[in-house]
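The values are calculated or read from the model by the stated rules, or taken from the named source; none is laboratory data. A quick note: this is a predicted structure, and the numbers were derived from the prediction, not measured. Note that we place each Cβ from the backbone using ideal geometry, even for glycine, and neighbour counts take in every protein chain shown.
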Amino acid sequence: MPRKNRPHTPDGRYLVSRGVLKRCTNPTLDDTVRRKALKALMQARMKKDRQAALIAKETLGEAGALWWDDGSVDVSGCAPADTDYAQWWNSLSDAERDAGA
């Protein structure tokens, strides 16, 4: 199944999936650490091991402590139109917004 080209916020912190913002992987992670955590995440999902999946997501920066340090709050799980990203979201084409549905 091909991956959807989901919309990403201009600052690279979030992608939109199923109509809500989801934190992206920390872009400053070492490639070896990132690959190992992704492998652990996939294995945890196959085994339906929620605790192991959470640990992997925390390592990736997709859960737990924020990987940015400018004081911005985490808006994961919020509709982009209900956040400071509303102007960006509304500027996207219908097709771009549909990719995040």
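Yes or no, residue by residue, for (1) at pLDDT below 95; (2) within 14 Å of the chain's Cα centre (by Cα); (3) among the acidic types (Asp, Glu):
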site	(1), (2), (3)
Thr9	no, yes, no
Tyr14	no, yes, no
Thr32	no, no, no
Ala37	no, no, no
Gln43	no, no, no
Asp49	no, no, yes
Lys57	no, yes, no
Ser91	no, no, no
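Which one of these is in contact with a helix residue (DSSP H, G or I) (Cβ under 7 Å, 6 or more places away or on another chain) and modelled with pLDDT of 95 or more: Pro80, Pro27?
From the options Pro80, Pro27, the qualifying one is Pro80.
Six or more apart or on different chains, Cβ under 6 Å: which pairs go from a residue in the range 50-69 that's within 20 Å of Asp31 (Cβ to Cβ) and touching a residue at least 24 places away in the same chain (Cβ under 8 Å) to one that's among the aliphatic types (A, V, I, L, M) and part of a loop (DSSP other than H, G, I, E, B)? Could you list them?
Short answer, once both residue conditions are applied: none.
Consider Gln87 carefully, then state whether it is surrounded by 13 or more Cβ atoms within 10 Å (Cβ to Cβ), polar (S, T, N, Q) and out of contact with any strand residue (DSSP E or B) (no Cβ under 6 Å at 6 or more places or on another chain). Give the steps one after another, and end with the answer.
Numbers: surrounded by 13 or more Cβ atoms within 10 Å (Cβ to Cβ): no; polar (S, T, N, Q): yes; out of contact with any strand residue (DSSP E or B) (no Cβ under 6 Å at 6 or more places or on another chain): yes.
No: the conditions fail for Gln87.
Residues checked against (1) crowded, with 17+ Cβ neighbours inside 10 Å; (2) closer than 25 Å to Glu96 by Cα:
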residue: Thr9; (1), (2): yes, yes
residue: Leu38; (1), (2): no, no
residue: Asp49; (1), (2): no, no
residue: Leu54; (1), (2): no, no
residue: Trp67; (1), (2): no, no
residue: Asp70; (1), (2): no, no
residue: Asp74; (1), (2): no, yes
